[in-house]
Amino acid sequence: MQEINAQDSPRRWEWITLGAVIAVGLALRVYQLNAPLWFDEIVTVVEFVRAPFAQIAADYSTFNNHLFYSLQAKAATLLFGEAPWSVRLPAMLFGMGSIWLTWRIARRASTPAVALLAAALMAGSYHHIWFSQNARGYTELMFWSLAAYAVFSESFGSKSITRWSVFAACLAAAMYTHLTAAFFIAALGLTYCGMLAARWLFPAAAPASLQAPSDRWAQWAPMLGFVGGGVLTLILCAPALPQMTALVSAVDETSALDVMKEYQNPLWTLLEGLRTLGGGDPLIMFAAPLALVFMGLGAVRIWRREPAFVLVSILQVPVTLAALSAASMRIWPRFFFTELAFAFVLMACGALVVAEIVARFVKPLTPRLAFGLGAAAMVVASLVLAARNYAAPKQDFPGPIALLQRLGAPAQAVGAVGWGFVPYDIYFDTGWRSVEAAPDVAQLSNPETGLRWVVVAFPARAFREHPDVARLLESDFEEIAYFPGTLGDGGIFVFESKKAAARDGVNAPRP
């Protein structure tokens, strides 16, 4: 397939196709944007979005405050009123922007067809749709990171202060959104150092595109962006810096007390990523290695044109793993979210390489046709997986409320376990009681004065943190409802006391 120079203006067919991709991506992200909020979103709304702007900017008592995002969500609720869709609006908009940026950086690194396929995979990605409908800063983090890379790759060799000031602003915006931006910035910084080293140490062997520019000022101009980005970050974070420093310093202590130790294991991160990617389908064990092959082939092809892209793609993962492991932090799959854009570009380019190979052996096929058929299959598969996003809310906290209202359950007869109590208390104001430990077990076991219904959110964590409660629920209570969620461990159980039901001679109907 013919490669078009990255500097060439997109042709009319590219703009039309890109417009269609963006339109489909927008539709997929607007649909069910107003679905119920999950735990972290609820805490964000109650503790930060409802606070004054100055308080939001100065409060870093928890990592749950994605500072830049919280300020934008606050502005959105002032404009449109508080609703799930309005607090998620910035996430959706930055998600749409990151689709466009994926196309832009892919077009520079490969061909127009590859760029359009990468954008289409992003538009139909289950994970990207999920986070575009999540009132958190992850799509914004991706947007600013991709924007920083786009400026870096397009400006390397330039002495323009304006360009590198824009680069600095993108880095600072990423850091102000989420501190894990530091991992991407470190990968980009290592790439920059590698480009300088290639120029100085191996001037003859290094690919021309990897070499640093010969002009001394042009070589060091990117440092203006890195240093400027750091200074801007300190200025933006100044009101919250004391709390930020204390919170980061205490990570090791809080992680040591976490009952979910597997969250700090990179293997768990990998398996959880595969689970959410494939929805439990065993075919993912075949598809994942195949995707890695495609990405490897794509990396080899892109290296010839833009080695910096490959270096950043590869370095993000070990840098993030090393930093999180050193800090004993939970290694959530979402901390690798920005890598998704680079993975789709590599995968799309790998599909092009495979199409060229197939066309050599299957004579009726041309590389263009083979690539088109493969691209169509990849996009369809992506959309099939994306349908899971709409099968359930992230967490269905309103579900148990509606069920218990239908059953006529008085508030004082309902309890919620552990973390699951928080949303029902601070957001839904149900008046339910908190169930935590041994004294509550005694209360639960008394059919006369105890609780008749118990709601359990985050069941894996709740049952591990409160084993005495778990044992009593298993022996003296009956599960009457389960509300699934797309979030990992996001399901919510509702239990009813067998003794209380027998006393009243009534069995609660199942929903």
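Please indicate, with yes or no, whether at least one residue in region 35-57 is modelled with pLDDT under 95, out of contact with any strand residue (DSSP E or B) (no Cβ under 9 Å at 6 or more places or on another chain), farther than 27 Å from Y126 by Cα and assigned to a loop (DSSP other than H, G, I, E, B).
The answer is no; no qualifying residue exists.
Scan region 58-77 for residues that are β-branched (V, I, T) and assigned to a helix (DSSP H, G or I) and jot them down.
Matches in region 58-77: T77 only.
Considering only residues that are among the β-branched types (V, I, T) and in contact (Cβ under 8 Å) with a residue 24 or more places away in the chain, look in region 345-383 and name the one that is surrounded by the fewest Cβ atoms within 10 Å (Cβ to Cβ).
For region 345-383, the residue satisfying everything is V379.
Which of the following residues is at pLDDT below 60 and not assigned by TED's automatic domain parsing to the domain that holds A287: A204, A208, A212, A256?
A256
Which number in (1) out of contact with any Phe, Trp or Tyr (no Cβ under 7 Å at 6 or more places or on another chain); (2) modelled with pLDDT of 95 or more; (3) surrounded by fewer than 22 Cβ atoms within 10 Å (Cβ to Cβ) marks the one condition that A73 misses?
Only one criterion is unmet by A73, namely (3).
Give F167, F94 a once-over and let me know the one that is in the same structural domain as V319 (by TED's automatic domain parsing), surrounded by 21 or more Cβ atoms within 10 Å (Cβ to Cβ) and under 30 Å from A391 (Cα atoms).
Testing whether each residue is in the same structural domain as V319 (by TED's automatic domain parsing), surrounded by 21 or more Cβ atoms within 10 Å (Cβ to Cβ) and under 30 Å from A391 (Cα atoms) leaves just F94.
Out of all the residues in region 307-324, which are more than 13 Å from L190 (Cβ to Cβ) and either basic (K, R) or surrounded by fewer than 20 Cβ atoms within 10 Å (Cβ to Cβ) (or both)?
L321, the sole residue that qualifies.
Considering every residue within region 413-423, establish whether at least one is buried (at least 18 other Cβ atoms within 10 Å of the Cβ) and without any contact (Cβ under 8 Å) to a residue 40 or more places away in the chain.
yes
Check L121 against each of (1) surrounded by fewer than 18 Cβ atoms within 10 Å (Cβ to Cβ); (2) among the aliphatic types (A, V, I, L, M); (3) more than 20 Å from P398 (Cβ to Cβ) and name the one condition it does not meet.
In the conditions (1) surrounded by fewer than 18 Cβ atoms within 10 Å (Cβ to Cβ); (2) among the aliphatic types (A, V, I, L, M); (3) more than 20 Å from P398 (Cβ to Cβ), L121 misses (1) alone.
Being among the basic types (K, R) and over 26 Å from M347 (Cβ atoms) narrows it down to one of R104, R11, R50, R108, so name that one.
Unique residue meeting the criteria: R50.
Restricting attention to helices (runs of 4 or more DSSP H) lying wholly within region 353-436, give those where 1 or more residues are in the same structural domain as E47 (by TED's automatic domain parsing) and of a type in the set (S, T, N, Q).
Where helices (runs of 4 or more DSSP H) fall fully within region 353-436 and carry at least 1 residues being in the same structural domain as E47 (by TED's automatic domain parsing) and of a type in the set (S, T, N, Q), they are 367-386.
Go through region 115-133 and give me each residue that's part of a helix (DSSP H, G or I) and over 11 Å from the mean Cα position of the chain (by Cα).
Within region 115-133, A115, L116, L117, A118, A119, A120, L121, M122, A123 qualify.
Six or more apart or on different chains, Cβ atoms under 8 Å: show the pairs whose first residue is in region 78-96 and in a loop (DSSP other than H, G, I, E, B) and whose second is aliphatic (A, V, I, L, M).
Taking only residues 6 or more apart or on different chains, the pairs are E82/V45; E82/V49.
Matching residues to (1) aromatic (F, W, Y); (2) within 25 Å of G420 (Cα to Cα):
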site	(1), (2)
V21	no, no
V24	no, no
L33	no, yes
W38	yes, yes
F48	yes, yes
N65	no, yes
P84	no, yes
L89	no, no
G97	no, no
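Can V494 be described as outside any helix (DSSP H, G or I), surrounded by 15 or more Cβ atoms within 10 Å (Cβ to Cβ) and modelled with pLDDT of 70 or more?
yes
Of the conditions (1) hydroxyl-bearing (S, T, Y); (2) modelled with pLDDT under 95; (3) in contact with a Gly (Cβ under 9 Å, 6 or more places away or on another chain), Y482 satisfies every one except a single condition; which number is it?
So Y482 meets the others, but not (2).
The values are calculated or read from the model by the stated rules, or taken from the named source; none is laboratory data. From a predicted model like this one, the values you see are computed outputs, not experimental measurements. All Cβ positions, glycine included, derive from the backbone under ideal geometry; neighbour counts span all protein chains shown.
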